[in-house]
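Notes for the one structure printed next.
Just so it is clear, none of the values below were taken in a lab; they were calculated from the coordinates. All figures in this text were calculated on a predicted structure; none of them were measured in a lab. We place every Cβ from the backbone using ideal geometry, glycine too, and count neighbours over all the protein chains shown.
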Amino acid sequence: MSTDGIMLSLILPAYNEALRLPPFLASVRAWLDGHYPGRYEVLVVDDGGHDGLLAVLEQQAAGWPQLRWLRHPQNLGKGAAVRTGILAAEGELLLFADADGATPITEEAPLAAAIRAGADVAVGSRLISAPGAERSRVMSRALGGRLFAGLARRLFRLPVRDPQCGFKMFRRDVGRRLFSLSSESGYLFDVELLILATRLGYRIAEVPVSWREIPGGHFRVSENVPGIMASLWRLCRRRQWKDG
């Protein structure tokens, strides 16, 4: 890794997150100023929101040159927002996280350690137990998440237990290659990335992280599950996965 320049890029996809993002940004700034002083960037991708997030970001950026943002003119989906951020990022390590701060920014440290130990991709996991890892999630959501994770793991032979955790880190060249090859824009972009990483022979480390559900999320079972299942079926039918 480079010994100068930007070491870590944090990509935050955001859709109508003007209320939930600022508290997370405060913790992000405190942590990254202490651990990557002058050698990080925070890139927020506003995915076509309409809640005044850009005005909030302009306030946050006063005296904080490491914060910048991009904007989609319309809502394209979380996967599309993360892709835009990853391909625009300049750091040696590329980390994306949920804008609500469900996983504390402090959890970047064990993921970075996994990369330094030889992994190409470090995946945060809510399903691996570890001392000090705290989890708080509505039971029905937790059960649904486990069922989906198990199904995706079996269908695509994924080497991780929790493919959907929104806290993943990549070596710069690996992240850029994976996102340049990916096409999923919605909920299943994580699964597609892991399929690609597995097929390309990248080393994947699954790292336990703390996680807590933050009120105000956009996921609605009745609205989102049909689209998720359709996307899963589409991934299953892709020709390039069939010989895997």
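I want the antiparallel fraction of DSSP beta bridges within the range 8-242, as a percent rounded to 5.
Details: 8 of 32 bridges.
Antiparallel bridges: around 25 percent, rounded to the nearest 5.
Modelled this way, with points 7 Å down the Cα-to-C-beta line, the labels at ALA117 and GLU213 are 3.1 nm from one another. The simple Förster model, with R0 at 30 Å and r as the Cβ-Cβ distance, assigns GLN74 and ALA109 a FRET efficiency of 0.25.
Explain nothing, just the number: dipole magnitude of the chain about its Cα centre with +1 on each Lys and Arg Cβ and -1 on each Asp and Glu Cβ, in debye rounded to the nearest 20. Don't skip to the end; give the middle numbers.
On the way: 31 positive and 25 negative charges, 233 e Å.
Approximately 1120 debye in magnitude.
Under the simplified labelling scheme, the LEU200-LEU151 pair shows an inter-label distance of 2.7 nm, with each label point 7 Å from Cα along Cα→Cβ.
Positive end of the dipole of the chain (Cβ unit charges, origin at the Cα centre): among ALA113, LEU155, ILE6, the Cα lying farthest that way belongs to LEU155.
Take the Cβ-Cβ distance between ALA26 and CYS236 as r, set R0 to 41 Å, and report the resulting FRET efficiency rounded to the nearest 0.05.
Numbers: r = 42 Å, r/R0 = 1.02.
The formula returns an efficiency of 0.45 here.
The label-point distance for HIS50 and LEU181, in a model that sets each label 7 Å from Cα toward Cβ, rounds to 3.8 nm.
Multiply the residue gap between TRP64 and ALA130 by 0.36 nm, knock off their C-alpha separation, and tell me the result in nm, one decimal place. Write out the running numbers ahead of the final one.
Numbers: separation 66, 0.36 × 66 = 23.76 nm, distance 3.44 nm.
The TRP64-ALA130 span can extend by a further 20.3 nm.
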